[in-house]
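Read the structure below first, then the notes.
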Amino acid sequence: RMSRHAQQLRDHDRNPCIAETDASRKCMDDNNYKKDMCTDYFLKYKSCRKFWHDIMMQRKRNGVKPEMPSAEERKRILESIE
């Protein structure tokens, strides 16, 4: 059984970067944990975290709840900027 924290990290409404997390982990597994082989995955994860953190801070400043948009709302946000 997963810990509460682990469950939150797997919750698509709370964690917008699950795909990037999984891709980084898979890269590390596939490359015998040689970090230099997975730099692109780490950068994608880092930029995902920064993007959604910035959105969250903006929503917090504007008094929007919840501060982290739901998975469905994030999908619409991403579609609007592509």
Practice problem: Under 7 Å between Cβ atoms, at least 6 apart or on separate chains: pull out the pairs that start in segment 47-70 with a residue that is over 23 Å from Ala23 (Cα atoms) and end on any residue that is open to solvent by 60 Å² or more (accessible area, probe 1.4 Å) and part of a helix (DSSP H, G or I). | Solution: Glu67/Lys60
Quiz prompt | Residue within segment 25-32 that is hydrophobic (A, V, I, L, M, F, W, C), assigned to a helix (DSSP H, G or I) and under 12 Å from the mean Cα position of the chain (by Cα) present | solution = no
Quiz item: Name the pairs: first residue in segment 20-34 and without any contact (Cβ under 8 Å) to a residue 24 or more places away in the chain, second residue aliphatic (A, V, I, L, M) and part of a helix (DSSP H, G or I), Cβ to Cβ under 9 Å, at least 6 apart or on different chains?
Solution: Cys27/Met37; Met28/Met37; Asp30/Met37; Asn31/Met37; Lys34/Met28
Quiz item: What tally of residues in segment 50-82 results from selecting those that are open to solvent by 100 Å² or more (accessible area, probe 1.4 Å) and assigned to a helix (DSSP H, G or I)?
Solution: 8
Self-check item: Given (1) at pLDDT 95 or above; (2) closer than 18 Å to Ala23 by Cβ, index of the condition Arg74 fails
Solution: (1)
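The values are calculated or read from the model by the stated rules, or taken from the named source; none is laboratory data. Every value quoted in this text rests on a predicted model; they were computed, and no experiment measured them. Cβ sites come from the backbone with ideal geometry, for glycine too, and all protein chains shown count toward neighbours. Ligands, DNA and RNA are excluded from the accessible area calculation, which covers all protein heavy atoms including side chains. Shrake-Rupley method; radii C 1.70, N 1.55, O 1.52, S 1.80 Å.
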